[in-house]
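Here is the structure we will look at.
The values are calculated or read from the model by the stated rules, or taken from the named source; none is laboratory data. This one's a predicted model, so the numbers in the text were calculated from it and none came from an experiment. With ideal geometry, Cβ positions are generated from the backbone for all residues, glycine too; neighbour counts draw on all protein chains shown.
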Amino acid sequence: MSPHSLILFIIHSKAVIGDIANSVWRLSEQITPQIKWDFSFFLKVRRKLEAHLLEGSDDPRFPMYPQRLVADIRKAMPDDGIIALDNGVYKIWFARNYKAYQPNTVLLDNALATMGAGLLSAMAASLIYPDKKVVAICGNGGFMMNSQELKTAVRLKLNIVVIILRDNVYGMIKWKQANMGFVNFGLDYGNPYFVKSNNDFALGIVLNQINTQSSQASAISTF
C-alpha cells in the first residue's frame, strides 16, 4: 500500500478547548501525587540532558563553537532578557541549548522560518519592554535583508544588541541542499565590512568586531 493512501484517524475520548496555558494548569491542579510514582527514569533522562547541554560550552577554539556561543550568551542574559533569533543553522543550537527561564524570552519563527526576522523581532520586543535586555542574533544573510532598519532603531532610541554571525553563505539552505544531493549554486556570497558600513549610516551605534575567543567573551559580558 502506498504511504499516500494511508489515512490517520485520531479518536479523542476527551476534548479540551480553550487557552493552552490555563488548560494545562487546571489539569495539573486535578492531579493528586501518588506514592507509587517512580521518577527515577525521568531524573536519569534529565541528568543526561544537562550533561549534553554542557558539551562544548567552554570550548576555547575560534571561530567559536555554537555551543560556546549559546552558553556565553545565556550567562550574560538576565532571566527576563529576550533573545530574538533570525533563521540559520545557529538557530537550531539556540533552540536546543538555550534555557528559557521565563515565558516569551526566546523569540523564533519556527514554521516558515522567515529570514530577516531577528532584528525586527528584537526591535519590537524593545518597544514593548524598553527596560529589558534584548539581543538579536542574526546570520549575515538574514541581517542583510533588513540591516537598514538599524537606522530606525537609532531613531527610536532602542537599546538592543545585534550579533551578526558571518560565514559568507546561506548556511541552512546549503546544508539542506547538500544533504539532498543538489549542486551548490548561488549560496556563497561576499559581505560588506559590517562594522564600517553600519557606522556610516547609523550614528549612535557602538560597533565591535570579534576576532578572538577572548574578545567574544569580553563583548558578550558587556551586554
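State which residue is modelled with the lowest pLDDT when the search covers only the range 1-25 and only residues that are β-branched (Val, Ile, Thr) and either touching a Ser or Thr at 6+ places or on another chain (Cβ under 7 Å) or under 18 Å from Pro103 (Cβ atoms) (or both). Give the steps one after another, and end with the answer.
Step one: of the range 1-25, the residues β-branched (Val, Ile, Thr) are 7, 10-11, 16-17, 20, 24.
Next, only the ones that are either touching a Ser or Thr at 6+ places or on another chain (Cβ under 7 Å) or under 18 Å from Pro103 (Cβ atoms) (or both) stay: 16, 20, 24.
Working: Val16: 83, Ile20: 90, Val24: 91.
If we take residues in the range 1-25 being β-branched (Val, Ile, Thr) and either touching a Ser or Thr at 6+ places or on another chain (Cβ under 7 Å) or under 18 Å from Pro103 (Cβ atoms) (or both), then Val16 is modelled with the lowest pLDDT.
Restricting attention to the range 112-132, which residues are assigned to a loop (DSSP other than H, G, I, E, B) and either crowded, with 23+ Cβ neighbours inside 10 Å or at pLDDT 95 or above (or both)?
Start the filter on the range 112-132 by keeping residues that are assigned to a loop (DSSP other than H, G, I, E, B), which leaves 112-116, 129-132.
Within the range 112-132, Tyr129, Pro130, Asp131, Lys132 meet the criteria.
If the condition is being touching a residue at least 12 places away in the same chain (Cβ under 8 Å) and either farther than 18 Å from Ile92 by Cβ or of a type outside the set (D, E, K, R) (or both), then the range 55-67 contributes Gly56, Ser57, Asp58, Pro60, Arg61, Phe62, Met64, Pro66, Gln67. All conditions but one from (1) buried (at least 18 other Cβ atoms within 10 Å of the Cβ); (2) closer than 30 Å to Ile20 by Cβ; (3) touching a Gly at 6+ places or on another chain (Cβ under 8 Å); (4) not small (Gly, Ala, Ser) apply to Phe94; the one that does not is (3).
Counting only helices (runs of 4 or more DSSP H) wholly contained in the range 136-194, the ones carrying 3 or more residues that are without any contact (Cβ under 8 Å) to a residue 40 or more places away in the chain, farther than 13 Å from Met115 by Cβ and not hydrophobic (A, V, I, L, M, F, W, C) occupy 171-179. If the condition is being within 20 Å of Val135 (Cα to Cα), within 20 Å of the chain's Cα centre (by Cα) and either loosely packed, with under 15 Cβ neighbours inside 10 Å or among the aromatic types (Phe, Trp, Tyr) (or both), then the range 150-199 contributes only Asn159. Just to be sure I understand, how many residues within the range 119-176 are within 26 Å of Gly190 (Cα to Cα) and acidic (Asp, Glu)? Number satisfying all stated conditions: 2.
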